[in-house]
Amino acid sequence: MTLLQDLECRLAAALAATLGEPATAAVTAAADLRFGDYQTNAAMVLAKQRKTNPRALAQEIIDHLELGGLATADIAGPGFINFHILPAAYAARVAELIRDPQLGVPPVGAGRTVIVDFSAPNVAKPMHVGHIRSTIIGDALCRIARFLGFTVIADNHIGDWGTQFGMILHGWKTLLDPAALDADPIPELLRVYRDVNALAKADPAALETCKNELVKLQAGDPDNLTIWRQCIEVSKRGLQKIYATLDVHFDHWLGESYYNDRLAGLVDEFVAKGIARESNGAICIFADGTRKPEDDPFMVHKEDGWTDNPTIIRKADGGFLYATTDLATIQFRIDEWHADHIWYVVGVPQQLHFRQLFDAAARWGKTGDFQHVAFGSILGEDRKLMKTRSGDNVQLTDVLTEAVDRAAKIIAEKSPDLQGAEAAEIAAIVGIGAVKFAELSQNRLTDYVFAWDRMLALQGDTAPYLQYSTVRIRSIFRKLDAPFDASAAAIILHDAAEVHLARLHARFGELLPAILEDFRPNLLANYLLELARAFHSFFEACPVLKSDEPLRSSRLALCELTGRILNTGLGLLGIRCPERM
RNA sequence: GCGCCUGUAGCUCAGUUGGAUAGAGCACCCGCCUUCUAAGCGGGCGGUCACUGGUUCGAGUCCAGUCAGGCGCGCCA
């Protein structure tokens, strides 16, 4: 049980005793340390309902509170009840956490399966900076959910079938340089795609040829299928390289093409069940008529009033769309993987698509907790959305290379004794970590303008700051002469810096479940910064190896627990820690 | 036309779901390495939370409206 849960239990008992009926109220971490460690506004909320004096009610509640050796409580301001955790209680909590491999994190996801749908790049096109958010946030959510006990399936729903293949096929047949493809396939594919794109724009006949190539592919033309397979193969190899660099992993790569043979039957079923019907030659899902138009994702307001806003699941030419594929994917994930939750880490512009998708799935009888984990857009220098089609965006590989180069430069400058392979390995850990942390430390809904210095910063509130604190901890243990058993150490919280460390240790398990309530990994990022800040202050104020027993063992134990939480927390964000830097 | 997102320090951003005197980093100024890694620590400067009303003990947070920027709304994904 976390300290917060403990306080809530005791508060609930006191409320019941005070009011004569069962009642619960939330306890939160205090906003300001001057007000103690935890606080509750229960008295003010309840006094309002009962029209009594909040401070008097708070006093009554405190009179009924059994806090034992855990904390003291007092009243402040308009009727806050502030809890001050006793140092001995913090020390006991630290001792518990040291023995707990889960570091106090409750297994809130046990017994439930979640599919995380993220990254999902289109093949045959390189990933650019715009792809970074889904990839990094999705991977972090997978790691966090696993740590909380969920069964997690990370699925890369790659775009391996869309209409772009018409252009790619035409380009492959007419413009491809086999030698260049052999040497480095991704840039060559990009070149071909870009050239065909320009060609099709200028020449309607070329566009027509592209469309024909697509029709042939979808009809099962053997030549086109062969090219298609080769194209996917080389693209996947390129993607795998980037994912390896990013330390991002998938359990499955079931792209759009995987669902091809289910689409026709799905459309028939939707028609048979009356969920979809023909309109202008296309098969569409319309509003079911049970809701007010403003609440219905299949209605939209135009100049002349409310009108239909259907989802098309089969085009007039017989082709299928990504809504069709997404519906088939939901069915597969529920039937084959027994998904309780599906989280789609996809940009906010697709919000309407997901509202319609989830609504259609529900009408189809597919139930589950489906969430669109939306994120804001990465904008170009002109504050406009990055154009996925132009291909002249900053490529993801370039960002990662630059990040590692910058880290290498700082290592050469600050730690000249690190050389060769070790220095290169550290540069990779630090550089990639910085990029990931820049993304994860910010609210996912915020739009931002891509800027090298912002994404690659290595000073201040960054991954290197956190990594540096773990390096300082490792350095202490490297200097240790004898083996150290933290679980045997008596915890003594002597200085204010030590109490503050313990306070933050206790909060790790309270914080992690909250992250998934609203999919906000930045809560973890901010927590880790606070913990690292507390550690650096402790490091300056409290000598560890030079202090006398029993303080020395206690401080070593605090270092070990801090290191474990920092390493675990960074690991949950997909960021590794070097031994030294 | 309607809907969604955003607007907080010079810059980049947080803000625990309505709490107490709104916080970090960068930049700038002052101090700290013969002591466990100075990628660090301590201190300072910096605010009409876009604007106007409303709800209440209390609003950056909720409601209404206005302004500014971005995105979306039938055969792309």
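List, in order, the whole-Hz ³J(HN,Hα) value for each residue of the range A:7-13 obtained from phi through the Karplus relation with A = 6.51, B = -1.76, C = 1.60 and θ = phi - 60°; use x for Gly and Pro. Once θ is set to phi - 60°, the couplings for the range A:7-13 become 5, 5, 4, 5, 5, 4, 5 Hz. Each Cα pair of the range A:347-502 feeds into the Kirkwood radius, which the Stokes-Einstein equation turns, at 37 °C and 0.692 mPa s, into a diffusion coefficient of 165 µm²/s.
In units of 2.2 N^0.38 Å, what is the alpha-carbon radius of gyration of chain A? After normalising by residue count via 2.2 N^0.38 Å, the value is 1.15.
Considering helices alone, the calculated mean residue ellipticity of chain A at 222 nm is -17500 deg cm²/dmol, with DSSP H runs of length four and up weighted by -39500 (n - 2.57) and normalised per residue.
Antiparallel DSSP bridges in chain A: what percent, to the nearest 5?
Values: 25 of 45 bridges.
Among the beta bridges of chain A, antiparallel pairing accounts for roughly 55 percent.
Once C-alpha pairs closer than 8 Å and six or more residues apart are averaged by separation and normalised to the residue number of chain A, the relative contact order reads 16 percent.
For residue A:122, nonlocal amide neighbours, meaning residues 5 or more places apart or on other chains whose placed amide H falls under 5 Å from its own, are A:159.
Sort A:315, A:366, A:211 by heavy-atom solvent-accessible area, probe 1.4 angstrom, most to least. Could the numbers behind the result be given before it?
On the way: A:315 70, A:366 35, A:211 110 Å².
The residues order as A:211, A:315, A:366, largest area first.
Rounded to the nearest 10 degrees, the inclination of helix A:204-218 to the longest alpha-carbon principal axis of chain A is 70 degrees. Percent of accessible area on chain A owned by carbon and sulfur, 1.4 Å probe? Heavy-atom surface of chain A belonging to carbon and sulfur, 1.4 Å probe: 52 percent. Among the trypsin sites (Lys or Arg not before Pro) in the range A:31-94, those located in a DSSP loop and surrounded by at most 12 other Cβ atoms within 10 Å of their own Cβ are A:51. Near the amide H of residue A:375, within less than 5 Å, lie the amide hydrogens of A:346, A:347, A:348, all on another chain or at least 5 residues away, with H placed in the peptide plane. Length available on full extension from residue A:482 to residue A:173: 0.36 nm per residue minus the Cα-Cα distance, which gives 104.4 nm. Couplings for the range A:321-338, taken from phi via the Karplus curve 6.51 cos²θ - 1.76 cosθ + 1.60 with θ = phi - 60°, read 10, 6, 5, 4, 4, 5, 5, 4, 5, 4, 4, 4, 5, 6, 6, 8, 9, 6 Hz in order; Gly and Pro are left as x.
Taking the range A:527-556, which trypsin sites (Lys or Arg not before Pro) meet the DSSP loop condition and have no more than 10 other C-beta atoms within 10 Å? Provide the component values of the computation, followed by the final result.
Working: sites: A:533, A:546, A:552, A:555; in loops: A:546.
Here the trypsin sites (Lys or Arg not before Pro) that fit, given the DSSP loop and packing criteria, are A:546.
Accessible-area rank, largest first, for A:182, A:177: A:182, A:177, with all protein chains present and a 1.4 angstrom probe.
Take chain A, mark every one of the GluC sites (Glu not before Pro) that falls in a DSSP loop and has at most 10 other Cβ within 10 Å, then report the longest stretch left between them, sites excluded. Working shown, then result.
On the way: sites that count: A:66, A:303, A:381.
With a cap of 10 other Cβ atoms within 10 Å, the longest stretch comes to A:67-302.
Between the Cα long axis of helix A:185-202 and the first principal axis of chain A there is an angle of about 50°, rounded to the nearest 10. Accessible area of residue A:292 (1.4 Å probe, protein heavy atoms only, ligands and nucleic acids ignored): about 120 Å².
Got the relative contact order for the range A:513-581 handy, in percent, Cα pairs under 8 Å and 6 or more residues apart?
32 percent
Taking every C-alpha pair closer than 8 Å and separated by at least 6 residues, the mean separation divided by the residue count of the range A:146-249 gives a relative contact order of 31 percent.
Note on the range A:154-220: Cα-only Rg and Dmax are 12.8, 42 Å. For the residue pairs A:211/A:236; A:273/A:302; A:409/A:546; A:292/A:315; A:211/A:436; A:125/A:216, alpha carbon separations beyond 31 Å are given by A:409/A:546; A:211/A:436. Using a probe of 1.4 angstrom and keeping all protein chains present, the accessible surface of chain A works out to 45 square angstrom per residue. Between helix A:260-272 and chain A there is an angle of about 90 degrees, using the helix long axis and the longest principal axis of the Cα atoms.
Applying both filters, DSSP loop and at most 12 other Cβ atoms within 10 Å, to the trypsin sites (Lys or Arg not before Pro) of the range A:416-510 gives A:479.
Can you give the convex hull volume of the alpha carbon atoms of the range A:250-394 per residue, in Å³?
Values: hull volume 24.0 nm³, N = 145.
Roughly 166 Å³ of hull volume per residue.
Solvent-accessible surface of protein heavy atoms, probed at 1.4 angstrom with all chains present, puts A:570, A:46, A:445 in the order A:445, A:46, A:570, largest first. Inverting the pair-averaged 1/r between distinct Cα atoms of the range A:456-533 gives 14.8 Å as its Kirkwood hydrodynamic radius. Taking a probe of 1.4 angstrom, what is the accessible area of residue A:267 in Å², to the nearest 10? Ignoring ligands and nucleic acids, residue A:267 comes out at about 0 Å².
Using the Karplus relation 6.51 cos²θ - 1.76 cosθ + 1.60 with θ = phi - 60°, the per-residue 3J(HN,Hα) values for the range A:437-451 come to 5, 4, 6, 7, 7, 10, 4, 5, 7, 6, 6, 8, 8, 5, 8 Hz, with x marking Gly and Pro. Evaluating kT/(6 pi eta Rh) at 37 °C and 0.692 mPa s, with the Kirkwood radius of the range A:118-196 over Cα pairs in the Stokes-Einstein relation, gives 227 µm² s⁻¹.
Please work out the Cα center distance from the range A:22-52 to the range A:496-535, rounded to the nearest Å. Taking the Cα centre of the range A:496-535 as reference, the centre of the range A:22-52 is 21 Å away.
Calculated over the range A:189-300, the projected area of the Cα convex hull averaged across directions stands at 11.8 nm².
The values are calculated or read from the model by the stated rules, or taken from the named source; none is laboratory data. What you see is a predicted model, and the numbers here were worked out from it, not measured in a lab. Note that each Cβ is placed from the backbone with ideal geometry, even for glycine, and that neighbours are counted across all protein chains shown. Side chains are part of the model used for accessible areas, which takes the heavy atoms of the whole protein and leaves out ligands, DNA and RNA. Shrake-Rupley method; radii C 1.70, N 1.55, O 1.52, S 1.80 Å.
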